[in-house]
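The numbers here are math on the coordinates, done by the rules we state, and not lab data. All of these numbers come straight from a predicted model, not from anything done at the bench.
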Amino acid sequence: MTTDTAITALSLALAAARRDGIAVRSIKDLLCDGCGVAVALRAGYCHACADGLNVHYIDTAAAHSMSTDDDGVRFGCGDAEGENYLAGLRS
């Protein structure tokens, strides 16, 4: 990773944190809440972790034969936090 690449990634993470209302006190606050290595760009997670959580909630909904809403979006199995997280990722 070059210095320019790192600066660009951290700048994007800072913009995402500000957009999401996340307080940033150090560079560590810009890292993914899941893996702690990559920069957080989607709801406090890097793209890989956010995609992994998205797949998890879709699989959970499918495993429990959950119904879909009018837009066809599946939600987690009675997990309010998971439902809100998935709805935020899909909007």
Amide H neighbours of Leu31 at under 5 Å, excluding residues fewer than 5 places away on the same chain, with H built from the backbone geometry, are Ala40
Provide the per-residue ³J(HN,Hα) series for the range 40-57, in order, calculated from phi with Karplus coefficients 6.51, -1.76, 1.60 and θ = phi - 60°, each as a whole number of Hz, with x at glycine and proline positions. 8, 10, 9, 6, x, 10, 6, 4, 5, 5, 4, 5, x, 5, 4, 4, 4, 6
Which residues qualify? For Ile22, with a placed amide H closer than 5 Å and at least 5 residues away or on another chain, they are none
